[in-house]
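Asker: Below are the structure tokens for one structure; questions will follow.
Every read-out reported here was derived from the displayed coordinates using simple, explicitly stated rules and does not represent laboratory data. Note that the coordinates shown come from a computational prediction; the quantities given were computed from them, not determined experimentally. So basically every Cβ, Gly included, is an ideal-geometry build from the backbone, and we count neighbours across all protein chains shown.
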Number of protein chains: 2
Amino acid sequence: MKLKLLLFVLIASRLTTYAQYDKGMIKQFFDAALTDRTAYENLRVLCKEHKGRITGSPEAEKAVEYTYNLMKEMELDNVFKQSVQVPRWVRGETERAHINSSKYGQTEVPVTALGTSIGTGNEGLLASVIELRSFAEMEKVGEASIKGKIVFFNEPMDPTLINTFAAYGAVGAYRTTGAARAAKYGAVGVVVRSLTTALDDYPHTGVMHYDQEVKKIPAVAISTNGADILHKLLQDDPELKFYFRTTCQNLPDVVSHNVIGELRGSEYPDEIITVGGHLDAWETGEGAHDDGVGCMQSIEVLRLFKQLGIHPKRTIRAVMFMDEEIAQSGGKVYANEADEKGEQHYFALEADRGALVPRGFGVSGPEERVENILALKKYFEPYGISEFKRGGGGVDISPLQRFGTPLSSCIPDDQRYFDFHHSGSDTFEQVNFREFQMGSAAIASFIYLIDKYDL
Amino acid sequence: MKLKLLLFVLIASRLTTYAQYDKGMIKQFFDAALTDRTAYENLRVLCKEHKGRITGSPEAEKAVEYTYNLMKEMELDNVFKQSVQVPRWVRGETERAHINSSKYGQTEVPVTALGTSIGTGNEGLLASVIELRSFAEMEKVGEASIKGKIVFFNEPMDPTLINTFAAYGAVGAYRTTGAARAAKYGAVGVVVRSLTTALDDYPHTGVMHYDQEVKKIPAVAISTNGADILHKLLQDDPELKFYFRTTCQNLPDVVSHNVIGELRGSEYPDEIITVGGHLDAWETGEGAHDDGVGCMQSIEVLRLFKQLGIHPKRTIRAVMFMDEEIAQSGGKVYANEADEKGEQHYFALEADRGALVPRGFGVSGPEERVENILALKKYFEPYGISEFKRGGGGVDISPLQRFGTPLSSCIPDDQRYFDFHHSGSDTFEQVNFREFQMGSAAIASFIYLIDKYDL
């Protein structure tokens with residue numbers, strides 16, 4: 001008994017010492033992140049000099065070169081690109097739209113073409129409007145009321161949902177499939193209320209999908225203020241006409257790249273921990289919160305490990321995924337190549353929810369590992385990071401699920417995220433240095449602990 | 001035993017029902033707040049039409065009228081003003097400053113006069129500069145190195161402190177007492193590095209205090225970018241001279257007002273719950289986060305109670321305190337009048353930490369009551385509001401402490417707060433609707449529970 005007790009005391013004191021040591025290490029990560037402007041300055045360059053980096057664009061390829069060179073200069077153990085065949089959609093000229101009412105004259109409203117949508121042709125599209133709040137309503141009113149008209153989906157994100165991602169998810173289908181579904185009823189075009197929590201003049205774009213069986217019709221998002229105006233005028237003048245002009249086009253696929261930087265593992269170099277964001281971004285804004293920050297936080301994780309002289313047991317990869325916004329081809333290629341090379345993917349984290357103040361982490365995967373990882377919460381509470389939840393991952397890392405890899409996401413606060421998302425207001429100025437670097441430090445610390453304790 | 005068990009089951013199930021009911025009520029508070037723009041629009045008017053409302057100014061008095069009328073129109077049970085004698089300091093003409101270096105020529109830098117500081121006179125002040133990082137360093141270099149010079153206090157807020165209020169507190173004395181202390185060593189003026197977490201061109205003002213025994217010398221805050229430039233040029237050219245011109249003046253006291261709106265209690269009308277912010281604000285910005293939001297959230301609490309048809313047991317007062325920034329006279333008058341009238345102050349909350357996303361509440365007071373109030377945490381966790389801490393209050397409500405009143409503060413996230421604080425960037429545009437109204441709903445729910453359960 002005495003020996004057991006002694007052993008217990010020894011182990012307990014050793015665990016306390018470890019915990020103290022780790023708390024100190026985490027403080028070092030935060031101190032280092034909050035006193036270094038490298039990542040923030042790199043984010044500025046990505047936003048300001050590589051605006052317009054939508055999948056397949058020359059700007060996207062320049063962003064590939066920029067991040068490749070950035071990691072080369074960091075003297076990592078390995079920096080390389082992966083070729084990815086990606087779709088190429090071009091927006092064309094700035095969109096124009098107005099409401100034509102015999103009672104109220106002409107009112108300009110801000111719109112943006114939805115990603116992969118076809119253009120209206122040079123003349124634009126002029127038609128009567130039917131306002132709908134749901135697909136159920138569309139089915140109810142039927143073809144007779146819709147044929148030849150522009151369908152205006154005006155369902156807002158539910159402001160009473162505290163989780164704004166849930167509110168976004170609940171109405172996302174109007175943007176992604178609204179045109180395909182309205183075309184079945186004979187609609188000639190679609191106008192979707194922007195998916196945003198803000199009431200302002202920025203239209204918010206995003207990808208949409210046609211149904212190959214049905215006629216393709218043009219589709220735009222209208223700003224929330226614009227949607228409210230259109231709604232109001234329609235109450236008073238149901239006969240008004242809506243005009244919009246888009247000159248977007250789908251061109252043949254092109255070759256683009258994922259960009260990957262590695263710190264080689266000291267004990268298990270063949271086991272890979274991925275931390276990534278996506279490099280492509282909608283050209284309406286600068287792609288700051290979505291997802292310049294995820295890319296730069298991923299690179300910052302490697303910089304922090306190097307600065308603090310930490311040699312991870314496993315290989316840590318910062319991955320700039322290409323083409324998250326349109327066809328998610330970068331993530332698929334990344335997993336396919338892993339498969340071909342027989343890589344072991346130990347853990348993966350995606351940072352693609354903006355860089356507002358970090359609140360926690362989400363993790364999915366094998367139950368025992370998830371449980372152990374979620375128990376790391378105690379290390380993060382002093383930093384106000386306490387939401388450790390089951391369920392995590394991201395579009396780009398999700399194909400790694402087939403390897404049984406635990407998938408994780410950093411969870412920043414989300415109250416303001418959809419104000420910026422996919423719009424002209426997603427600029428570098430909207431990213432706060434401290435919130436951004438709190439996120440970098442949190443991710444780096446999280447990976448440090450998972451690697452060190454074989455979680 | 002059986003009876004006891006039955007009783008237990010009955011009580012337990014009743015408690016569960018109560019808890020369910022209250023969760024529903026709190027959801028109603030959040031739903032109502034997140035779908036109503038009244039308070040946000042009122043904040044816009046306060047910021048845009050009542051900019052420059054520093055203590056004693058005509059703008060402050062117009063803000064008194066504005067909020068008085070606003071509450072009158074709400075048909076509250078009582079709306080009244082309290083006369084407060086306040087100091088009157090006027091900034092005068094826009095401040096100017098530059099660095100004069102024989103090596104680098106003239107470099108303009110942004111400065112702002114500190115509140116209650118004297119002006120330089122029309123000619124301005126030109127003198128050599130000594131840069132110091134602490135009062136200890138000032139004592140060490142002594143009068144011989146300081147006499148006839150401008151002292152430049154260049155100690156930044158510690159970026160590694162996660163609690164930015166702690167970082168602010170740690171260096172606040174350079175602004176508040178730097179001039180008084182430097183004057184003892186013969187300094188002719190003081191330039192203080194702005195107390196902010198941002199690196200930018202906004203100087204941040206704030207109150208300072210002279211020592212009546214020592215000569216009054218002019219004092220300004222310089223933007224952090226400006227401070228970095230001055231520091232750099234001083235390294236290269238210690239003989240450079242700094243010029244600044246301020247024309248601020250201290251005028252005789254004037255009469256201003258606290259503004260108070262009440263919902264009378266249905267059971268204990270003589271017991272008062274105070275929820276307040278301060279109406280005065282530095283004229284460098286619009287006083288949005290500091291503290292237009294606290295005022296408008298306090299009024300919104302009353303509006304939410306009315307909208308939801310809740311009749312509080314106790315009298316709830318929204319108080320717009322006057323003169324928090326300079327002499328805190330509004331808070332003193334409020335407590336003194338309470339004393340004279342023999343008012344019972346049951347609970348008080350101050351909202352004066354901006355309107356970033358709410359994270360929790362702080363409470364001080366008698367231990368048993370504090371403990372019961374902190375136990376309310378469980379109701380707020382679904383809203384991401386989980387930091388319930390001992391220690392709370394605010395400058396304006398602190399004089400109520402003499403009545404044994406528990407004092408509380410709403411705790412919003414603080415990573416960005418000092419970017420805006422006391423500077424030209426504290427504008428309405430920096431306040432997000434959802435974050436602001438999450439705060440309003442949290443405060444209203446908190447007061448609802450404290451009143452209902454006699455905590």
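Asker: Could you sort the peptides B:199-206, B:157-164, A:26-33 by per-residue average Cβ neighbour count (10 Å cutoff), highest mean leading?
Answerer: Those peptides, ordered most packed to least, come out B:199-206, A:26-33, B:157-164.
Asker: Let me ask another. Just to confirm my numbers, what's the Cα centroid distance between the range B:176-228 and the range B:42-74 in Å?
Answerer: 29 Å
Asker: Right, another one. Using r as the Cβ-Cβ distance of residue A:216 and residue A:75, and R0 as 45 Å, what FRET efficiency do you calculate, to the nearest 0.05? Write down the numbers at each step before the final one.
Answerer: Working: r = 49 Å, r/R0 = 1.09.
Here the calculated transfer efficiency is 0.35.
Asker: Another question, then. Within the range A:414-455, which chymotrypsin sites (Phe, Trp or Tyr not before Pro) sit in a loop by DSSP and count at most 14 neighbouring Cβ atoms inside 10 Å? Before the final figure, lay out the partial values.
Answerer: Values: sites: A:417, A:418, A:420, A:428, A:433, A:436, A:446, A:448, A:453; in loops: A:453.
The qualifying sites are A:453.
Asker: How far apart are the residue B:62 label points across copies, placing each 7 Å from Cα toward Cβ, in nm, shortest first?
Answerer: 4.7
Asker: When the Kirkwood hydrodynamic radius is evaluated over all pairs of different C-alpha atoms of the protein assembly as shown, what value in angstrom, to one decimal, is obtained?
Answerer: By the Kirkwood definition, the hydrodynamic radius is 30.2 Å.
Asker: Could you pull out every one of the aspartates and glutamates with an alpha carbon less than 14 Å from that of residue A:140, ignoring same-chain neighbours closer than 8 positions?
Answerer: Once the sequence-local aspartates and glutamates are set aside, what remains near residue A:140 is A:131.
Asker: Let me ask another. What is the sum of charges, Lys and Arg at +1 and Asp and Glu at -1, for the other residues whose Cβ falls under 15 Å from the Cβ of residue A:148?
Answerer: Around residue A:148, the surrounding residues sum to +3.
Asker: Computed over the Cα atoms of the range A:39-96, what is the ratio Rg over Rh, Rh following Kirkwood?
Answerer: Numbers: Rg = 13.8 Å, Rh = 13.1 Å.
Value, to two decimals: 1.06.
Asker: What's the average, rounded to a whole number, of partner chain beta-carbon atoms within 10 Å of each residue's beta-carbon in B:413-420?
Answerer: Working: counts 7, 3, 12, 6, 0, 1, 3, 0.
Across the residues of B:413-420, the mean count of other-chain Cβ atoms within 10 Å is 4.
Asker: If we count every other residue with Cβ under 13 angstrom of residue A:92's Cβ, Lys/Arg +1 and Asp/Glu -1, where does the sum land?
Answerer: Spelling it out: positives minus negatives among the neighbours equals +1.
Asker: Further, regarding this structure: Enter the Cα centre distance for the pair the range B:408-455 and the range A:366-418, rounded to the nearest angstrom.
Answerer: Centre-to-centre (Cα) distance: 28 Å.
Asker: Taking the label point 7 Å from Cα in the Cβ direction, how far apart in nm is residue B:308 from each other copy of itself, listed shortest first?
Answerer: Going from nearest to farthest copy, the values are 4.2 nm.
Asker: Using only Cα atoms, locate the centre of the range B:288-335 and the centre of the range B:336-357, then give the distance between them in Å, rounded to an integer.
Answerer: 8 Å
Asker: Bin width 20 Å, alpha-carbon pairs only: give the P(r) of chain A as whole percents, running from 0 to the bin holding the largest distance.
Answerer: 25, 50, 21, 4, 0
Asker: Pop the C-beta distance of residue B:158 and residue B:199 into the FRET formula with R0 = 22 Å and round what comes out to the nearest 0.05. Display every interim value, and only then the final one.
Answerer: On the way: r = 14 Å, r/R0 = 0.65.
That pair, residue B:158 with residue B:199, gives E of 0.95.
Asker: Further, regarding this structure: Using helices alone, I'd like the mean residue ellipticity at 222 nm for chain A: each DSSP H run of four-plus residues gives -39500 (n - 2.57), total over residue count, nearest 500.
Answerer: -12000 deg cm²/dmol
Asker: Here's a follow-up. Less than 11 Å Cβ to Cβ from residue A:399, Lys/Arg counted +1 and Asp/Glu -1: what total charge do the surrounding residues give?
Answerer: -1
Asker: Sorted from shortest, what are the nm distances separating the label point of residue A:123 from equivalent points in the other copies, each placed 7 Å from Cα along Cα to C-beta?
Answerer: Here residue A:123 shows inter-copy label distances of 7.8 nm.
Asker: Taking each residue of B:193-200 in turn, how many C-beta atoms of other protein chains fall within 10 Å of its C-beta, and what is the average?
Answerer: Other-chain Cβ atoms within 10 Å of each residue's Cβ, averaged: 1.
Asker: Among the listed pairs A:48/A:306; B:27/B:389; A:216/A:332, give every one whose C-alpha distance is greater than 25 Å.
Answerer: A:48/A:306; A:216/A:332
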